[in-house]
Structures are given as structure tokens and as C-alpha cells.
Amino acid sequence: MRPVGDSGGAARVDYAAPRLVAREVDREVEAAALAAGLSPLQARLLGGRLCSPLHALDALISPSLRHLVHPGRLRDGARAAERIARAVAEGEHIGILTDYDVDGITSHVVILRTLVELFGVPRSRIHSLIGHRINDGYGISQPLVERTLALRPRPTLVISADCGSSDEPRIARLSAAGIDVVVTDHHALPIDGPPPSAYAVVNPSRSDCDYPDATIAGCMVSWLTMSLARSTLIEMGVLPAATPKLSAWLSYVALGTVADCVSLGDSAINRAVVTLGLSLINRMDEPCWRAMAERLGPDSLPFTAETLGFQMGPRINARSRLDDPYAALHFMLAETDDRARHQLELLDQDNQSRKVIEATMTEEAKRLAQAPLGRGARVLVIHLADGHAGVQGIVASRLVQAFGRPCFVLTPAAAPGQLSGSGRSIEGVHLRAALQRADELAPGVLERFGGHAGAAGIGLAASGFEAFRAAIEQAVDEQLGERELHPLILTDGELPLQALDLGLLDEIERLAPFGREFETPLFEGRFEVLGTRLVGADGCHLMLELGAGSRALKAIWFRAVTPGEAVPFGAGARVRCAFKPSRNRYRGRESLQLMIEHAELQY
């Protein structure tokens, strides 16, 4: 830890100095991978990401749709499919109510396109209902309920996606008005179980659900439910047996799965969906994919999971964070390239605005974090009085990265005297369970909460802030026990210098897709700095030339410096780096480039 002067001139402790730690390798997994014919490096990478006992290794290293599990095993799946099929057959008006993030938007696309293009429902009988993050809040909110009840003609069926499991009071209101609600979701359910007023609740997280994988994204739950509805309509004789399956929509499911950061580790289903979805995306059959490829340039092809997670996902999310989410839906549904380009331009503008807001909020949040860090808090609860609610989750993620502990960021809600917040966690802390415990410790303080292990959302009165902070600190302490927390960077160890070439990338890419719980390989290395220069519009990215024995390697370190700051080291310095080997494409030529995640001087 090194002292850093704060704005008042006093020294503060910098808890943000990360530690490079090599992953532990499961030797049983490593041996199984070697026996399956993988290279020593590939076996080592798998052993650092998977644990014994594991499911069939083939399902993870050779993703295929044969590993999907029949949706009939989803609790309430058949009941939901029957109700959707009846609405289609009898000409009912149907509402599609989804969350505003990428998972919710892609769920919306899957349900809408299936109803219209496969089931033949006129577009005039479908009502799209997506909440505004700031004005409406998450899930089946009261404003969305009022909007639904005001529709003329009013829908008699509402299908939710990526939300609804914790919305019993609002579902009861819709039910009392004669509207059946079919919930499709993947978030953890309340302790009391599924909302009883819903007609059906399809959620693999249900304790009474026989589906073998509760890690699938909300969009996958929607895809499975609509697949069941297709089969039901065929059995009823409403649709011909030749009606196409929903395979084409797996492109959207892949995007939602990656962007929602569900597990790509020991989940054969998620890995299969992302792999097939990427192959569909790279056909560039849809205007939205072509517009994004055009925006990113020809060297961005083919798209990978990283493209979805770091290029498409943030642009779609930015719209709902700062503005009306429907532009994101219109982008995904665009029928012409011109329309897709226009909508993408709106998303891009919001994404640029989001970056500015995020940087300001993150700087202030890090300053406010010093007090709880100084007293040893193992969860950060930060109130940004002037913060933007749409960027809470991103700022919370930045604090988790910087300080290595769970974090909640709260900002003023639309209603006076209220706060809303987003939380992000670390491995070993189940955020939804911690909130349930905090609710027990401080009854009535949390007016709403929901989420899963890694992320959660909350709402409470501003007067309850201190009570919530004390309760969540105790809840997290109970989960952690004696464990000490530090910001860690898990690496896959060092590589021989001669291994740093394009062949290394070929070897790594055979294990793709990478994502949460199956992270892109990150290696350690010691280099001599041969040269540096700042790049980017605000001069915060650092291009480096690194000496490795007799070789010179190109590298880039994004957000290496704060605008206006000096370069952290110059030519001649010896540095220890954590880096990802990457394929740099430029005008049709490929070369190896190191993506620096962390660098520190070696004295």
C-alpha cells in the first residue's frame, strides 16, 4: 500500500494496489483435458477455470446444441406454453413486458419475433412494455402496471421476461383486472417463493424446478418458453408441423447471455448458446449486426464473445441507462440497414455520454470509499447525492475492481426522499442472499430488492441509509468469516517468451467462448520498456513497445492514466505486467498485441 495525497493534503491509504495471484489448477481437470487430447497449455487453462467433479468435458470444449436440455423440464413451462398458445389461437392482445437491459431487450426481441413471424400474430395485437430505468424502476413496476391497464384494447395476457419473480403486488393488480401474467425470469426468487398471483412462473432458480442449469440468462428462459409454445400450437393443430424452430433467434440469446454475465464456465447450455449464436451473428443476416460491423470496421470481424460483451452490450445498455430504452429495441428489430445505422447512432451518442458521467461518478465514489475502507469495511455502501441512477452498476463494478470487495452505489430515486441502488459482488459473496439477511436484520428498511449472486438492485428511503449499511455489512461479514479481502488479479502464470506468437492465439481460441467464470486467459510477464506514447482522444491510453529477450512486442494499456497525468514509466524501465495476448488486425494483416491489464515497476 502506498500513500497518496488527497484533496485536503493529508495522506490516505491506497487500497487499490492489486495483487497478481496465479490461479490454482485443478489437477484432475488438467489430467482429464490432457487425456482428451488437449495441449498442455489448454489443459492448464481449463484446470484453472473448472473444478472436479465436472460434467462431460466434451460439452464444455466442443459446445453443441445437443447439450441443450428439453424445456419441458422447466417448472410451469408447459402451463406457460399452453396459455401463450391459447392467446395466439383465440386472437387475444398480448403484452410483452421486459427489463430494459441487454438481457431484457433481447428477450423482448425473441418473444416478439416468435409471435409475429412464427405464430402469425398481427403486430397490432402486441404491446411492447419496457420500463424507463429512472422514471419507472426495475421489473413489473407500478408505472408499467398503470400503463398496461390504460391500453385500449387492453391485453388479456402479459408475458414478462428477465423480471417478475419479485413483483407479486403488481402482478396481483394485473390479475385482479383480468390480465393473466406469465413470468419468465432467471433472478433469485423471494424467500416466500414464486408470486402466487402469476398464471405461471418459469424460472430455473425455483427450488421446485427440475431444470438442471439455473445459470441460464433471462433471454434463454424466454427462448425455451416460446419453443414450448411452438410445440403446443403444433399439437393443437394451430400451426403446421413444418413451422420453423426458434434456432435463428439464438443470435439474440447469445448477446443477452454474454452481456448479462451469466456463467460460461461449467454450463454446457450457455457455452452452446453463445457458440451457435456467434456463428449466426457472423453470417451478418440482420441489419443490426451489419450496422455494428460497419461501425467497428472490417478488422472487427468475426465477432467474438468479447465483441458482444464490450462493444454491443454497452451501447444497448447505455440507452436505457440515460434515456428511453425503445431505441435499443428498434435497433435490434431494424428491417433495413439505414434504420439500424440511425438507431445505432443514438445508442453511440448515449454511450459517449455515459462514459463521461461514469468517470465523474467513479472518481467521487472512490473518494467517499476511503472512510469505510479506513475502518475495515468489507462491503462498500456509497451514496452519491448528485449521481445518475443509470450508471450505478458500472460505478459499483469499478469499485469492486479497485478495492476487491462487494459494493453498492446509491443515488436519488425519482420519488422524493427515496434512494435506488445497484450492487456488484466478488467470488464468495452471494449478493441476493446477503440482501435477504440484511432485510432480516433491519426489517422494513429495504422497500424492494432483487438480483442474484453477482449483482442486485435495491430501493429504500434515504432515512434508512445508515440502517441498511450496518445491516449489509453484518450480512457480508457473516458470509466471509475470517477471509481477508484485497483487489486481486488472477493470472494463468508466466509463458515462455518463444510462445508469444499468433500460434498461441489459435491454441487459446479453441477453448472459446470466454466470459464470466471462464475468463479470457491472462498471463504474467517481465519486460523492458522500449518506448511509450499516449493515444486516444483524451490521451489516457498507453501504447508500449516491450522488450522480451531479443524481441520487441507491441502492447496497449487502456485507461492507463488519468487525462493530464504523466506516463507512469518511460523507456528503460523494467515492468511486471498482467496481459492478454490479442490478435491485432489492420488492413487485412494480423499481428500479436499484448493487452495490458496491470503493470508495476520492478526495482
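The values are calculated or read from the model by the stated rules, or taken from the named source; none is laboratory data. Treat the numbers as computed from the prediction; the structure is a model and nothing was measured. Using ideal geometry, Cβ is built from the backbone for each residue, glycine included, and neighbour counts are taken over all protein chains shown.
When the test is whether a residue is touching a residue at least 24 places away in the same chain (Cβ under 8 Å), touching a strand residue (DSSP E or B) at 6+ places or on another chain (Cβ under 9 Å) and at negative phi, Leu522 passes it.
Yes/no matrix, rows are residues, columns are (1) touching a residue at least 60 places away in the same chain (Cβ under 8 Å); (2) over 19 Å from the mean Cα position of the chain (by Cα):
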position	(1), (2)
Met236	yes, yes
Val274	yes, no
Ile281	no, no
Glu286	no, yes
Ala291	no, yes
Gly297	no, yes
Gly309	yes, no
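Candidates in segment 258-275 are the residues that are in contact with a strand residue (DSSP E or B) (Cβ under 6 Å, 6 or more places away or on another chain) and part of a loop (DSSP other than H, G, I, E, B); of these, the one that is surrounded by the most Cβ atoms within 10 Å (Cβ to Cβ) is Leu264. Considering segment 373-398, and only residues there that are under 17 Å from Ala359 (Cα atoms) and touching a Lys or Arg at 6+ places or on another chain (Cβ under 7 Å), the residue that is surrounded by the most Cβ atoms within 10 Å (Cβ to Cβ) turns out to be Val391.
Taken over segment 252-284, residues that are polar (S, T, N, Q) and farther than 16 Å from Leu224 by Cβ amount to 4. Filtered by the rule that a residue be among the charged types (D, E, K, R) and part of a helix (DSSP H, G or I), segment 200-257 gives Arg230, Glu235.
Each row is one residue, and each column tells you yes or no for (1) among the aliphatic types (A, V, I, L, M); (2) touching an Asp or Glu at 6+ places or on another chain (Cβ under 6 Å); (3) under 15 Å from Ile426 (Cα atoms).
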position	(1), (2), (3)
Ala470	yes, no, no
Gln479	no, no, yes
Thr491	no, yes, no
Leu495	yes, no, no
Leu504	yes, no, no
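Restricting the first member to segment 545-569 and to residues that are free of Cβ contacts under 8 Å to residues at least 24 places away in the same chain, and the second to residues that are of a type in the set (Asp, Glu) and assigned to a strand (DSSP E or B), the beta-carbon pairs closer than 9 Å and six or more apart or on different chains are Gly547/Glu528; Ala552/Glu545. Of the residues Ala359, Ala414, the single one that is surrounded by fewer than 21 Cβ atoms within 10 Å (Cβ to Cβ) and either of a type in the set (Asp, Glu) or outside any helix (DSSP H, G or I) (or both) is Ala414.
State which residue is surrounded by the fewest Cβ atoms within 10 Å (Cβ to Cβ) when the search covers only segment 152-180 and only residues that are in a strand (DSSP E or B) and hydrophobic (A, V, I, L, M, F, W, C). Can you show your working first?
We begin by selecting, within segment 152-180, every residue in a strand (DSSP E or B); these are 157-161, 180.
Subset that is hydrophobic (A, V, I, L, M, F, W, C): 157-159, 161.
Numbers: Leu157: 20, Val158: 27, Ile159: 34, Ala161: 32.
Result: Leu157.
Each row is one residue, and each column tells you yes or no for (1) over 19 Å from the mean Cα position of the chain (by Cα); (2) closer than 25 Å to Asn203 by Cβ; (3) part of a helix (DSSP H, G or I).
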position: Arg405; (1), (2), (3): no, no, no
position: Asp439; (1), (2), (3): yes, yes, yes
position: Ala453; (1), (2), (3): no, yes, no
position: Asp477; (1), (2), (3): yes, no, yes
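Could you go through segment 435-449 and let me know if any residue there is of a type in the set (A, V, I, L, M) and touching a residue at least 40 places away in the same chain (Cβ under 8 Å). The answer is yes; a qualifying residue exists.
Of the residues making up segment 294-349, those that are basic (Lys, Arg) and modelled with pLDDT under 95 are Arg315, Arg319, Arg321.
Residues that are aromatic (Phe, Trp, Tyr) and not in a strand (DSSP E or B) were ranked within segment 550-603; the one that is farthest from Phe527 (Cα to Cα) is Phe558. The residues listed here are Pro581, Pro563; of these, the one that is crowded, with 17+ Cβ neighbours inside 10 Å and either over 19 Å from Leu301 (Cα atoms) or not hydrophobic (A, V, I, L, M, F, W, C) (or both) is Pro581.
Only a single item in (1) under 24 Å from Glu447 (Cβ atoms); (2) touching a Leu at 6+ places or on another chain (Cβ under 9 Å); (3) outside any loop (DSSP other than H, G, I, E, B) is not met by Val183, and it is number (2).
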